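The next block holds one structure in the form of structure tokens; read it before the comments.
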Amino acid sequence: MKSLFQKLGALLATLRVWTINLVTLLILLYVVVAVISVIGRMPAAVDPEGKVLILNPDGLILDQEVFPSDFSFPFTLPEENQLQSRDLIRLIRAAAEDERLAGVMIDFSEASFAGPSTVLNIANELAALRQSGKPVIAFSESMTTASYLMAAQADEIYVHQSGAVSVTGIGGYRRYTRELTDKLKITIHNYSQGDFKSALEGLTRNDMSAPDRLQREELYGPIWTALKNGMAEARGLEPELFQNMADNYSAPLLDEAAYDGLAFAEEQGVIDGTMSFPEFRSYMIEKFGKAEDEERDTYPHIGADAYFAQLEADDAEAEDAVAVVFVEGGIQPGEIGPGVAGADDVARLIRRAHEDESTKALVLRVNSPGGSIIASDIIRDELLAAGRKDLPVYVSMGDVAASGGVWVSTPADVIYAEPTTITGSIGVAIAFPTLERSLEYVGLHYDGVTTSEHAGWGINMPVNEKLDALFARFGSSAYQRFIDHVAVSRDKEPEYIRSIAGGRVWLAPRAQEIGLIDEIGTMEQTLEAAAAAAGLEDYRVNYVVKEPSFGMALLQRFSASAGIELKAPFEELVRGVASLAEILENLDQPTATVMCTDCLVELR
């Protein structure tokens, strides 16, 4: 018997070794194949002389790309490609000045945008490209609000004859669950501070509150007007035409076979016509000639990746620098990741920036709806440390810098915001459910012994008067601290800040009027102002970012160049289970946050 188990143990040990070796071999083969594929597909140097630049970004256009910190098997990358707006702007400006290019073809149908400021900035760059004199032609299978705004900046716009032009406007609906939680006998406790702080009212109401409706109308109206004006001015049309299209000729769920809408768009001059792919190819050959170096019939062209790869690097010879650190995404403790401004990492980057002797001014680019209070304070503390070194500290607000995004901005000497930046939301959100009625209904009871009044308390128990008062003080003190930070930063009395706070969000022009920001301007204008404050004439911009690990950089390169799908099996299932586990874990941890969950305006 002993001999049998010894042989069985030896067999298992051998199998384990062989399994490890096999997995290692598979990983090595995967990497080798990927490297060979990358080398084979890396864009060769292409002469742009006489060619049409094809500008068809695929992915989310945002301020700063962010990748997971971890490099582990199975290999995973963010679901959506990320494109830095500054890189795209650099490419567009280079194309505008490049006399070798015969023209530009644009297609933004596969691009999405971080928010309204980003989409309007890119549209302005495309308008300048058109004004450079070279032909700009737009062609897509179908177009949405954002992609049509891009196309409108072109000289000619064509859509596939079975496609659609869906200019749908902005806004949407949210879920309200109060009736559901009442029926399930779940008690919701709400200690949020501010009548306009609507982040958690979906739990406490069955419909939208009047304050939330008011602030949304005051946000969405001007943003939608800016988008309509951008489309109309580019095409020499009236903005009311696009309102008519949104009301009567757009089906939000229909991105093909919108024949009536296409006919209306062509009749009204919104587009120049419809074409099939062969027809468009023939049109481009007729317009720009036939490519001599291609085996197939096509027009001479160069891809955006190949064109960008040969652009000369930005001049970095200047000794003095204006450092830029990004707060991109929800503010949480820990590391930076996709959609997460990890406070520990952001603070380290700010410290690296202000400890660099070449840094003469610091700009914090904030594109965040906020998040954790302690995480916001960690970032704020490091920005205060930079200011104590007599460095000019400027903030540039992007698409949204609300709630915690305002909190981290308070140490700034000057705050800039884009014309359509959403900011404010000075308030505190805290609400949570307790299940005592539900559990009692099904016959489940709790009892025990503790050495203090609230030891062992959880969401399975009711909130007594003493605990209720404790949570109320918790929310109130956090709100007062927020108000005090802003009051000191803006050189205002706390009571004045309280009068414009209440969780209310503001568009940048109104925020400037009430003193929450100083200037309306772009990121570039913020950099110029910070450099001027530091007395700099010759300077470089130093983007202080967290670089991906070597392994993650390889995966990024493989995915972009080799077209390799790097998704773990059952990844969606794992992500769903993980999200559910996180929700359940946080249910018994009532937390005050400075988050504006409804400040994000999605544009596609």
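The table below gives the values:
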{"read-out": "Leading residue by the ranking (farthest from S372 (Cα to Cα)) among those in the range 437-480 that are under 31 Å from the mean Cα position of the chain (by Cα) and in contact (Cβ under 8 Å) with a residue 40 or more places away in the chain", "value": "S476"}
{"read-out": "Check on I92, closer than 30 Å to P369 by Cα and β-branched (V, I, T)", "value": "yes"}
{"read-out": "Those residues of the range 502-519 which are among the hydrophobic types (A, V, I, L, M, F, W, C) and either at pLDDT below 95 or buried (at least 17 other Cβ atoms within 10 Å of the Cβ) (or both), in sequence order", "value": "V505, W506, L507, A508, A511, L516, I517"}
{"read-out": "Hey, S409 touching an Asp or Glu at 6+ places or on another chain (Cβ under 8 Å), among the hydroxyl-bearing types (S, T, Y) and open to solvent by less than 10 Å² (accessible area, probe 1.4 Å) or not", "value": "no"}
{"read-out": "Residue match in the range 138-154 (condition: of a type in the set (S, T, N, Q), in contact with a Ser or Thr (Cβ under 8 Å, 6 or more places away or on another chain), part of a helix (DSSP H, G or I) and open to solvent by less than 30 Å² (accessible area, probe 1.4 Å))", "value": "yes"}
{"read-out": "Scan of the range 335-344 for residues that are open to solvent by less than 20 Å² (accessible area, probe 1.4 Å) and farther than 22 Å from I61 by Cα, ordered by number", "value": "A343"}
{"read-out": "Test: F288 is of a type in the set (F, W, Y), under 19 Å from V165 (Cα atoms), open to solvent by less than 70 Å² (accessible area, probe 1.4 Å) and modelled with pLDDT of 95 or more", "value": "no"}
{"read-out": "Given (1) open to solvent by 10 Å² or more (accessible area, probe 1.4 Å); (2) under 30 Å from T177 (Cα atoms), number of the condition S403 does not satisfy", "value": "(1)"}
{"read-out": "Pair list, Cβ < 6 Å and 6+ apart or interchain, from the range 158-178 residues that are over 12 Å from I271 (Cα atoms) to residues that are part of a loop (DSSP other than H, G, I, E, B) and open to solvent by less than 20 Å² (accessible area, probe 1.4 Å)", "value": "I170/V601"}
{"read-out": "Odd one out for A487 among (1) touching a Pro at 6+ places or on another chain (Cβ under 7 Å); (2) among the hydrophobic types (A, V, I, L, M, F, W, C); (3) assigned to a loop (DSSP other than H, G, I, E, B)", "value": "(3)"}
{"read-out": "Residues located in the range 192-230, provided they are among the hydroxyl-bearing types (S, T, Y), without any contact (Cβ under 8 Å) to a residue 40 or more places away in the chain and either open to solvent by 20 Å² or more (accessible area, probe 1.4 Å) or part of a helix (DSSP H, G or I) (or both)", "value": "T225"}
{"read-out": "Sole exception among (1) in a helix (DSSP H, G or I); (2) open to solvent by less than 60 Å² (accessible area, probe 1.4 Å); (3) within 30 Å of A532 (Cβ to Cβ) for T420, by number", "value": "(1)"}
{"read-out": "Members of the range 349-375 found to be under 19 Å from the mean Cα position of the chain (by Cα) and more than 22 Å from E547 (Cα to Cα), listed by number", "value": "P369, G370, G371, S372"}
{"read-out": "Residue ID - least open to solvent (accessible area, probe 1.4 Å), chosen from residues in the range 291-315 that are out of contact with any Pro (no Cβ under 9 Å at 6 or more places or on another chain) and acidic (D, E)", "value": "D297"}
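The values are calculated or read from the model by the stated rules, or taken from the named source; none is laboratory data. Just so we're clear, the structure is a prediction, and the values are computed from it rather than from any experiment. Because the Cβ atoms are built from the backbone with ideal geometry, glycine has one as well, and the counts that use them run over all protein chains shown. The area values use the complete protein model at the heavy-atom level, side chains included, leaving out ligands, DNA and RNA. Shrake-Rupley method; radii C 1.70, N 1.55, O 1.52, S 1.80 Å.
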